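Enquirer: The structure is given below, and queries will be raised subsequently.
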Amino acid sequence: MMAARPSASRPIPETAEASIAQFVAATDPLDSLVASGFLDRQDGHYVAQELRTPQLRQTMKYSVCLTADPDIGHFYQEDGEPDTDWRRRRAQTVRDHCSVCPVRAACAELALREGDTVGIRGGLTPEKLKRRLVMERDRLDQALAEDQRAAQWQQARIAAAREVQRLAGQYLGTSGKPEKRLENIENVRKAARLRDELVAAHRRSAGWTAAA
């Protein structure tokens, strides 16, 4: 069965920063984004907002939390810990860990997408995360919807590629009437065209140009 084509839409950036961020996020590999500092600088949240949730999760392999393995307790208030002690301790945690993390903007965006406001994420305290979760609800809903569309597109591309393989394997080496062989070949070609159309559509949506 052929893969259905999922509907797709992409919001138009409202600011110059968002437009540039969309281009950078769509054209630079994740490791390049990290190495170039696009996910830790002050305006890194613009680029982080353009990434899909699976990409945000992938960037966490570059985080201080993974590479330096700090005590996880630094990022959470202890039971019974006075608020004044917690505020002082979390300020030090942000300074010692988050401020030097190359993916802190991605970490904060991932926390917002996942609704994780319990501990310090991306240098943001639980209070700031909760405020942003409320203030950016519409944007986050749109981002989550885009995540779902991207996943549907990926599943459709995988299904289309598998259909080409299935038909090719089914018809390869088969004998019979010439007209039947021609029909089989055309079925494979149709499946291949759908696969190629889905891949091309994905490349266009990501801002990739055709190879010269």
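Enquirer: Does Q55 count as part of a helix (DSSP H, G or I) and either in contact with a Pro (Cβ under 7 Å, 6 or more places away or on another chain) or on the phi > 0 side of the Ramachandran plot (or both)?
Expert: When the stated conditions are applied, Q55 does not pass them.
Enquirer: Conditions: (1) open to solvent by 40 Å² or more (accessible area, probe 1.4 Å); (2) in a helix (DSSP H, G or I); (3) at pLDDT below 95; (4) not aromatic (F, W, Y). T93 meets all but one. Number of the miss?
Expert: T93 satisfies every listed condition except (1).
Enquirer: Among the residues of region 126-135, are any closer than 29 Å to A21 by Cα, modelled with pLDDT of 95 or more and touching a Lys or Arg at 6+ places or on another chain (Cβ under 8 Å)?
Expert: Yes; the residues of region 126-135 include at least one that is closer than 29 Å to A21 by Cα, modelled with pLDDT of 95 or more and touching a Lys or Arg at 6+ places or on another chain (Cβ under 8 Å).
Enquirer: Taking the options G119, G80, name whichever one is in a loop (DSSP other than H, G, I, E, B), at pLDDT below 95, of a type in the set (G, A, S) and on the phi > 0 side of the Ramachandran plot.
Expert: Only one candidate passes the filter, namely G80.
Enquirer: Restricting the search to region 43-86, which residues are closer than 30 Å to I20 by Cβ, β-branched (V, I, T) and open to solvent by 80 Å² or more (accessible area, probe 1.4 Å)?
Expert: Result: T67, single match.
Enquirer: OK, next. Can you pull out the residues in region 136-150 that are part of a helix (DSSP H, G or I) and free of Cβ contacts under 8 Å to residues at least 40 places away in the same chain?
Expert: R137, D138, L140, D141, A145, Q148, listed by residue number.
Enquirer: For region 26-42, name all the residues that are among the small types (G, A, S) and part of a loop (DSSP other than H, G, I, E, B).
Expert: The answer is S36, G37.
Enquirer: Let me ask something additional. Using the structure shown, decide if H45 is in contact with a helix residue (DSSP H, G or I) (Cβ under 6 Å, 6 or more places away or on another chain), farther than 26 Å from D141 by Cβ and assigned to a helix (DSSP H, G or I).
Expert: Taking the combined requirement at face value, the residue does not satisfy it.
Enquirer: Between Q165, Q154, Q148, which is under 19 Å from R52 (Cβ atoms), open to solvent by 90 Å² or more (accessible area, probe 1.4 Å) and modelled with pLDDT of 75 or more?
Expert: Among Q165, Q154, Q148, only Q148 is under 19 Å from R52 (Cβ atoms), open to solvent by 90 Å² or more (accessible area, probe 1.4 Å) and modelled with pLDDT of 75 or more.
The values are calculated or read from the model by the stated rules, or taken from the named source; none is laboratory data. The model shown is predicted, which means the values in this text are computed figures rather than measured ones. So basically every Cβ, Gly included, is an ideal-geometry build from the backbone, and we count neighbours across all protein chains shown. Note: accessible area is taken over every heavy atom of the protein model, side chains too, but ligands, DNA and RNA are not part of it. Shrake-Rupley method; radii C 1.70, N 1.55, O 1.52, S 1.80 Å.
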